[in-house]
1. Would you mind working out the accessible area per residue for the chain, using a 1.4 Å probe, and quoting it in Å²?
2. Between helix 323-340 and the chain, what is the angle of the helix's C-alpha long axis to the longest principal axis, kept within 0 to 90° and rounded to the nearest 10?
3. Applying the Karplus parametrisation 6.51 cos²θ - 1.76 cosθ + 1.60 with θ = phi - 60° to the phi angles of segment 24-31, what ³J(HN,Hα) value in whole Hz is obtained for each residue in order, glycine and proline being reported as x?
4. What's the angle, to the nearest 10 degrees (0 to 90), between helix 364-383's Cα axis and the longest principal axis of the chain?
5. For residue 220, what is the net charge nearby, where nearby means another residue's Cβ is under 10 Å from its Cβ and Lys, Arg count +1, Asp, Glu -1?
6. Given a 1.4 Å probe and every protein chain left where it sits, what share in percent of the accessible area of the chain is carbon and sulfur?
Amino acid sequence: VSRLAVPDDPLRGELLLRRAEVARWSGAYAAAETDALAALQLLAPPRASARDAEERFLEALGVAIVAASALGHVPSVEGAPVPEPWSLAESVLFGDREPFAHDREVATLEVITLCRGSAAWLGRGRRDASGRWLDRARARGGESPAPLARAWLAALDASHALAAGDLATFLLDTERAVREYERAGDARNACNQRVRLANALVSVGELERADEALTAARADAERMGLAVIAGYAVQNLGHVRARLGREAQARSLLEDARARADALGDAHLRAGAQLYLALLELAGDPARAIEHAQAATEAVPSGAFFAIARAIEARAALALGRLEDADRGSSEAIAWLDAHGPIEEGEASIRRARADALVALGRPDEARSLARSSYTSIEARAAALAPALRRGYLEGAPDHLRLRELAGAG
């Protein structure tokens, strides 16, 4: 790149894009964002208006969105300043500029870019913005999207289902995404979806299967040089080992995941590792659990991460006899949940934390009422699963069992 004589040559833009892609897949997000934004300046219309340049421009926009999201450069609340690449994406993807509107390959790239943006907004708890981008992606894909576009849409459908607490649909859509990515020849994203699918197995109590699947996915990711996907596989594997009672292995894996997150600059990976470490420490060292939970909110201070972290802090405070802190933390967590709607991973933990706090505060009737409504919701979700998975979902999660106990459901 540095040897090009003409600094604004579109070729320089394409080389910067390729370097950004390498950095993104290796997890060097700061470098990826810098190069992708620089590439956008060289590939943006009207400097580059040919079809090939249009494709490169959309690719660069997608890489910039992924990198910005991983670095936390996403507006977390409506009305906050909108940095690049978001303002540029809005003008391009939602504007009237469609010089290649009927080109299937360009449409596929637009779908992918829109799905990336939708995922970023969803990760920040902005379901409104995420839904808007996903709707636009569906419209751009048309009635018969290309295989790769179908894969991305399936993956985003799965993410929205999980965010809405619909585990049954998440499992089906993620399996569909794996098939579509494999059909499209995208081994990297297929590997990523297998990590997500394995993590969902934890929710239905299939811990040994999840362990096996994550171990395989980690090996595949590391073989392909996919540092980010390998990091998430390690993080989820640490959680599985903790659930299996292998605490020393779990701690080692989660500390490894946290170190990988720091090396990559991946805020979401770091927050997740800290939350799982907080859960691991909850019974034996509640003060340490609070430190991990607070570190998670420092990494990602909004969205579901915030609510789950506050719930863990509340349970730890309860263990330390700090009733006021437990009341405040659990109240904040449940308020976030009431404002934003159901989620799958973490909702039971939030409701359990609040119910436990109410019991400790001498309000058993309120605790029982909350536990009953929560467990009724859990039973409804279990009913939507395949019969073979229902018992594992109901009995495989400690939070579900505790809510059932508090509800007096037997």
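1. Details: 17150 Å² over 410 residues.
So the chain comes to 42 Å² accessible per residue, rounded to a whole number.
2. Value to nearest ten degrees: 50.
3. Here the 3J(HN,Hα) series is 5, 5, 8, x, 8, 5, 4, 5 Hz.
4. Approximately 50 degrees, to the nearest 10.
5. On the way: positive: 188, 194, 218, 223; negative: 222.
Residues close to residue 220 contribute a combined charge of +3.
6. Of the solvent-accessible surface of the chain, carbon and sulfur hold 52 percent.
The values are calculated or read from the model by the stated rules, or taken from the named source; none is laboratory data. Quantities reported herein were computed from a predicted structural model and do not represent experimental measurements. Glycine gets a Cβ as well: all are built from the backbone with ideal geometry, and neighbour counts include every protein chain shown. Only protein heavy atoms, including side chains, enter the accessible area calculation; ligands, DNA and RNA are left aside. Shrake-Rupley method; radii C 1.70, N 1.55, O 1.52, S 1.80 Å.
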